[in-house]
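Worksheet: the structure to be examined is printed underneath.
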């Protein structure tokens with residue numbers, strides 16, 4: 001798992017856990033497990049909720065066949081955005097991320113609107129009818145890494161644009177979302193930030209260092 005504070009892959013240092021019966025059904029009893037612990041990297045407190053099958057064995061409650069695990073504290077996962085990304089884009093991204101756990105619908109709407117801004121302002125995709133057409137134009141660009149093209153293009157399928165036209169026609173409108181859609185949008189925006197802002201900034205730093213070395217030897221700089 002990734003720590004919601006430092007965004008580092010960690011093994012949770014468990015301090016305590018409790019299992020409870022949550023629901024009785026014909027196929028058995030469902031249960032939940034509350035796990036408390038600390039990040040092994042930054043030592044911040046984290047609480048997890050696991051769901052699965054409840055059983056009582058050896059005078060103790062246990063959770064078997066866990067099928068889901070989610071972070072319930074803190075309420076949202078911190079996603080650190082590089083300073084190379086302009087502040088206005090970082091603000092919109094952080095707003096979308098901050099409401100993810102409370103309202104995936106609102107988060108997805110904010111992310112779609114931010115994606116549309118990026119495509120229009122940084123990739124100069126204008127004059128299109130809606131976000132779906134703008135994505136279609138984006139994936140045609142020859143200088144975009146194929147992994148990013150595929151990730152952005154997948155937004156239309158994961159969000160089921162065909163069944164929910166308002167998602168691409170009115171990007172900021174709050175509508176129902178598919179499972180994992182809001183998280184995927186944030187992941188894709190992070191990747192797009194990296195390609196659009198971070199990697200060019202790193203390339204400029206490398207180029208400037210090389211030009212300084214060339215200048216020291218009296219040689220012409222790279223264009």
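Points worth noting:
- Shape analysis of the range 13-73 based on the Cα gyration tensor places the equivalent ellipsoid semi-axes at 25, 12, 8 Å, largest first.
- Taking every alpha-carbon pair under 8 Å whose residues sit at least 6 apart, the chain reaches a relative contact order of 13 percent.
- Rounded tilt (10° steps) of 146-158 against the dominant C-alpha axis of the chain: 50
- Summarising the overall dimensions of the chain from its C-alpha atoms, the Rg and Dmax are 22.7, 82 angstrom.
- A crude spin-label estimate for the pair residue 212 and residue 20, with each label 7 Å from Cα along the Cβ direction, gives 5.8 nm.
- Taking the longest Cα principal axis of the chain as reference, the axis of helix 199-216 is set at about 40 degrees.
- For residue 146 and residue 222, the difference between the fully extended length at 0.36 nm per residue and the C-alpha to C-alpha distance is 24.6 nm.
- Measuring between their Cα centroids, the range 65-103 and the range 181-223 lie 25 Å from each other.
- Counted over the range 1-41 with a bin width of 10 Å, the fraction of Cα pairs per bin, in whole percents, is 27, 33, 25, 15, 1.
- Relative contact order, percent, the range 1-79 [alpha-carbon distance under 8 Å, six or more residues apart]: 28
- Nearest-ten-degree value, helix 87-98 long axis tilted from longest Cα axis of the chain: 10
Bear in mind these aren't lab numbers, they're just calculated from the coordinates by the rules spelled out. Bear in mind that the values here come from a model prediction, so they are computed numbers and not experimental data. With ideal geometry, Cβ positions are generated from the backbone for all residues, glycine too; neighbour counts draw on all protein chains shown.
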